[in-house]
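The values are calculated or read from the model by the stated rules, or taken from the named source; none is laboratory data. For clarity, every value in this text was computed on a predicted model and none was experimentally measured. Here Cβ is always computed from backbone atoms with ideal geometry, including for glycine, and neighbour counts include all displayed protein chains. The accessibility values were calculated without ligands, DNA or RNA, using every heavy atom of the protein model including side chains. Shrake-Rupley method; radii C 1.70, N 1.55, O 1.52, S 1.80 Å.
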Amino acid sequence: MGSVTAQDLVVRRAEPGDDATALPMLRASLGKVDDPHYEAFLTWKHRDNAFGPSPAWVALHDGVVVGYRTFLRWEFHRPDGKVLRAVRAVDTATDPGYRGLGIFRTLTLQGVAELTLAGDGIVFNTPNDQSRPGYLKMGWTVARRLPVGVLPRGPRALVSMATSKVPASLWSEPTDVGLDAREAFATPDLAEQLLRHDPASGVRTRRTPDYLAWRTGFEPLHYRVALASEDDPAAGGLVFRLRRRGAAVEAAILEQLVPDVATGARLVRRVLADTGADYAIGLRTGRSAGLLPLPKQGPLLTTRPLAASPPSPGEWALTLGDVELF
């Protein structure tokens, strides 16, 4: 890099032509060199998103992308039913040869300023312990811990769960339990039936048939739908996938779209029995029937105002489908 300084960089909104140098930099910086799904995953997440394409910013040196920052678009319903436009701070990387020039901070604050002027309401994310201090210095605040709920399949599975304290695999384990979510939500009929049971309280994702089709539509994630009744989709269902965490296999419960607690708990138990997963896991801020509290566990939700004020901590009603992957 020589004697390059921050003044030698060009910072601007990302353009399609930036992909040629941005994607190799992202792969190398984020350890995705050997991931065959990476580009398709980014396309699904940032360009096919039901809430709209993700705005991104880049830092360039001599026309080559050396820093990248993107914000995933999202929409929430407030308790009064109004829509809160939001973005999620995700997928940022700096070329290792250009670290120490403040690129992460510059790109993030540039994005924050432009998104505020565009009228986006808030930015939120669940940063890890390494990146959280940087966000707090840029005006983010910790809203709350998103509590986790679990249900072990049995005593032996409880041991597997307790000893598998490593990050979960990104890609899913295949299963034929339930319906293939991509096929199930390819037309809006099933989604419309299940969304009759979409919660109507708290700050929650604006779920629509288009949202469910997009959210479950990336094939390597193998999302499944377990229905309470094959003859009556309006009886409710849940969305799940299997993912490996160390020696254990967990059933990640993304959404419970059910009419009552008994139906949700029965479906969770059935998924465990039919898939053989060691345990089920989900968030207890959203629908979480059948899942038992796991104290002091769960990601920390952080927020920052843009053109609106973030919800109060107790208003958030998020599910695992709102936070996993992103």
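The table below gives the values:
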| quantity | calculated |
| --- | --- |
| Cross-chain or 6+ apart pairs with Cβ under 6 Å, region 137-154 first and closer than 25 Å to Gly121 by Cα, then among the charged types (D, E, K, R) and open to solvent by 40 Å² or more (accessible area, probe 1.4 Å) | Gly139/Arg304; Trp140/Arg304; Pro147/Arg284 |
| Residue match in region 42-49 (condition: over 29 Å from Pro311 (Cβ atoms) and modelled with pLDDT of 95 or more) | yes |
| Residue check for Ser160: out of contact with any helix residue (DSSP H, G or I) (no Cβ under 9 Å at 6 or more places or on another chain) and either β-branched (Val, Ile, Thr) or surrounded by 17 or more Cβ atoms within 10 Å (Cβ to Cβ) (or both) | yes |
| Inter-residue pairs, beta-carbon under 6 Å, first farther than 18 Å from Arg78 by Cα and in region 112-134, second surrounded by 12 or more Cβ atoms within 10 Å (Cβ to Cβ) and of a type in the set (Phe, Trp, Tyr), 6+ apart | Pro127/Tyr135 |
| Identity of the residue in region 39-49, part of a loop (DSSP other than H, G, I, E, B) and in contact (Cβ under 8 Å) with a residue 24 or more places away in the chain, that ends up farthest from Val112 (Cα to Cα) | Asp48 |
| Subset of region 117-164 [of a type in the set (Ser, Thr, Tyr) and farther than 26 Å from Ile103 by Cβ] | Ser160, Thr163, Ser164 |
| Filter result for Leu109 (open to solvent by 40 Å² or more (accessible area, probe 1.4 Å) and either acidic (Asp, Glu) or out of contact with any Ser or Thr (no Cβ under 9 Å at 6 or more places or on another chain) (or both)) | yes |
| Exclusive hit being open to solvent by 30 Å² or more (accessible area, probe 1.4 Å), over 19 Å from the mean Cα position of the chain (by Cα) and at pLDDT 95 or above, set Val64, Val33 | Val64 |
| Region 11-38 residues that are at negative phi, paired with ones that are polar (S, T, N, Q) (beta carbon under 8 Å, 6 or more apart) | Val11/Thr106; Val11/Gln110; Ala14/Thr70; Ser29/Thr94 |
| Strands (runs of 3 or more DSSP E) wholly inside region 216-326 that include at least 2 residues being open to solvent by less than 30 Å² (accessible area, probe 1.4 Å) | 224-227, 237-245, 248-257, 279-283, 300-305 |
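Conditions tested, residue by residue: (1) surrounded by fewer than 16 Cβ atoms within 10 Å (Cβ to Cβ); (2) more than 22 Å from the chain's Cα centre (by Cα); (3) acidic (Asp, Glu).
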{"position": "Leu117", "(1), (2), (3)": "yes, yes, no"}
{"position": "Asp120", "(1), (2), (3)": "no, no, yes"}
{"position": "Thr126", "(1), (2), (3)": "no, no, no"}
{"position": "Asp129", "(1), (2), (3)": "yes, no, yes"}
{"position": "Tyr135", "(1), (2), (3)": "no, no, no"}
{"position": "Arg153", "(1), (2), (3)": "no, yes, no"}
{"position": "Arg156", "(1), (2), (3)": "yes, yes, no"}
{"position": "Ser169", "(1), (2), (3)": "yes, no, no"}
{"position": "Pro174", "(1), (2), (3)": "yes, no, no"}
